[in-house]
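Encoded as structure tokens, the structure appears first; notes follow it.
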DNA sequence: TCCAACATGTAACCGGTTACATGATTCA
DNA sequence: TGAATCATGTAACCGGTTACATGTTGGA
């Protein structure tokens, strides 16, 4: 669980309503953490009963009333505490890549189409990010957030570097596919169905262990199952 | 939902048990999709009742019996069908980055320590991947998986490019932090608490819209809410 | 002797998403 | 007129994780 802590993090910058927090989420940490209003509201309520935040109703005549939340001393302590614990592992789910992996059954032309579409999408996203960077630079002074601005920039730059990596990867894949001969894309795989799957899996298992061994040879950076997130 | 389809994808390469599928998952698509045994077993059962896979018990004397699953014609149809639908959006959660974003409250030294640890971890991971690549090249012939090998390589290369991007980003961040003056890390933020949060959020909102406008200006690549995953 | 690998599962929990509900105001 | 913004929520659902349960064999 981490949304609560992220909320505390934002409230530590100043009081906000749930509605506002959603916006702040969307333009800052959204590249690596997202949240829906339907999750934010109950979380704020929970934080309140835990005494980590306080709420004041702000009556408005023209618009719906607002519930402005601010962090308490207990909340600030909890935040600092959380910042001190090691972070949990990344969780990544990319359906497109999964499909790509199985797309051999779909024919080369089809795979290439999917990849090309993705590349276009990524290029567009990049444009958006670059635009965002320029805007942050231009307006950070006006919004009196020159202190947070560098961090804000960082998150966008994170988005950029990842999108670029993705794009490069996709372009490389297209190159590879171009070089492969069409036979790799026969729509009916399982031609080696006759040979025992056991053996193949065993070799794969060996591979896995070898890779993991290399990975774990270092010091235990994040003590397993100790991450409170 | 996608695990079921991923399982179908693997079973399309040949019959497997749940236990084996877990391994295959771990060394192939694990960079962008993971699964636990406790999720795989029920999913296979569900697929069976849906008639998309068949199961045969393989009695073993020395070891526990195995339940070998194979894909049916219906299953193959379902797989092809799924491959044809547009993929859902990526889901990414990186707790470390969230912490980093709020770590300004923790002091520069602390932030740098966290970053350095992460960088070390990433470098180790890279080593592991590179090792894995070499192994795939060396053993793919022996395992009679020369047809799948290029796809296997691709997934590892995906891991590499992303890890490298991450590493670059972290190194840049450290550079930036070095250049920032210590005042940005005062442990008590909310110094601008006096100024109305409203206005700041409004400007941020403007930023967001501008970025999104740039992002959405293109063609509607993935028709919203039509992705069955 | 003790741990890892083999092999299959169940039950409880939980974070998060989707859909639904409400209602005023403002702008195109 | 109708969509978007402001503003807050509830309820159902669901995919996925953690913990627990069981029992054998082979190697360090």
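Using the Cβ-Cβ distance between residue A:37 and residue B:120 with R0 set to 30 Å, the FRET efficiency from 1/(1 + (r/R0)^6) comes to roughly 0.20. The same position residue B:205 in the other copies lies at 5.8 nm from this copy, comparing label points 7 Å beyond Cα toward the beta-carbon, shortest first. For the pair residue A:91 and residue A:202 in one chain, pulling the backbone fully straight at 0.36 nm per residue adds 37.2 nm over the alpha carbon distance. On the beta carbon distance between residue A:176 and residue A:74, with R0 = 56 Å, the FRET formula returns roughly 0.55. Taking other C-beta atoms within 10 angstrom as a stand-in for reagent exposure, A:90, A:81 fall in the order A:81, A:90, fewest first. Under the criterion of Cα pairs below 8 Å and six or more residues apart, the relative contact order for segment A:3-83 equals 38 percent. Our estimate of slack between residue A:30 and residue A:56, defined as 0.36 nm per intervening residue step minus the Cα-Cα distance, is 6.7 nm. Net length available on complete extension from residue B:127 to residue B:209 is 25.4 nm, with 0.36 nm assigned per residue and the Cα-Cα distance removed. Arranged from fewest to most other beta-carbon atoms within 10 Å of their beta carbon, A:131, A:110, B:16, A:5 become A:110, A:131, A:5, B:16.
Give me the inter-chain shielding for B:72-81: mean count of other chain Cβ atoms within 10 Å, whole number please. Spell out each step's value before the answer.
On the way: counts 0, 0, 0, 0, 5, 0, 0, 3, 4, 0.
Partner-chain Cβ atoms within 10 Å, mean over residues of B:72-81: 1.
Summary for residue B:138: label point 7 Å along Cα→Cβ; distances to the equivalent points in the other copies, ascending, 5.5 nm. Modelled this way, with points 7 Å down the Cα-to-C-beta line, the labels at residue B:81 and residue B:109 are 6.2 nm from one another. Residues A:113, B:72, B:155 in ascending order of nearby Cβ atoms (within 10 Å, fewest first): A:113, B:72, B:155.
We did not get these values from a lab; they are worked out from the coordinates using the rules stated. Please read all numbers here as calculations on a predicted model, not as lab measurements. Because the Cβ atoms are built from the backbone with ideal geometry, glycine has one as well, and the counts that use them run over all protein chains shown.
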